[in-house]
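Only one structure is covered here, and it is reproduced in the block below.
The values are calculated or read from the model by the stated rules, or taken from the named source; none is laboratory data. What you see is a predicted model; the values in this text were computed from it and never measured. Here the Cβ positions follow ideal geometry from the backbone for every residue, glycine too, while neighbour counts run over all protein chains shown.
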Amino acid sequence: MNSIELGTCQICNKDTQVFRKYYYYDIKCECCLVTHDSKRVHAEIIYYCQDCEPKPPKTITFESNPLNK
Ligand SMILES: [Zn+2]
Ligand SMILES: [Zn+2]
């Protein structure tokens with residue numbers, strides 16, 4: 001069964017059926033519990049429609065703890 005996901009395309013801002021693309025960053029963050037090649041990484045999800053090519057986000061946000069208090 002294919003599940004259809006409706007949302008807003010982040011490239012053209014159309015409300016339509018969207019697909020997800022994950023981009024992985026070499027950042028050990030506190031917000032994602034994602035591993036890539038068995039390393040903890042930060043992930044950003046881009047939602048895009050069938051008319052658009054997914055592009056990596058220009059800005060990323062992640063949560064992290066400072067090394068000092
Ligand atoms: Zn689009
Ligand atoms: Zn993260």
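Test Val41 against the stated conditions and say whether it is surrounded by 15 or more Cβ atoms within 10 Å (Cβ to Cβ), modelled with pLDDT of 95 or more and over 19 Å from Asn65 (Cβ atoms). For Val41, the condition - surrounded by 15 or more Cβ atoms within 10 Å (Cβ to Cβ), modelled with pLDDT of 95 or more and over 19 Å from Asn65 (Cβ atoms) - is not met.
Residues that are among the basic types (Lys, Arg) and either under 21 Å from Gly7 (Cα atoms) or within 16 Å of ligand 1 (Cβ to nearest atom) (or both) within the range 22-68 comprise Lys55, Lys58, listed in sequence order.
Yes/no matrix, rows are residues, columns are (1) within 12 Å of ligand 2 (Cβ to nearest atom); (2) loosely packed, with under 10 Cβ neighbours inside 10 Å; (3) under 16 Å from the mean Cα position of the chain (by Cα):
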residue: Gln10; (1), (2), (3): no, no, yes
residue: Lys14; (1), (2), (3): no, no, no
residue: Ile27; (1), (2), (3): yes, no, yes
residue: Glu30; (1), (2), (3): yes, no, yes
residue: Ile45; (1), (2), (3): yes, no, yes
residue: Pro54; (1), (2), (3): no, no, yes
residue: Glu63; (1), (2), (3): yes, yes, yes
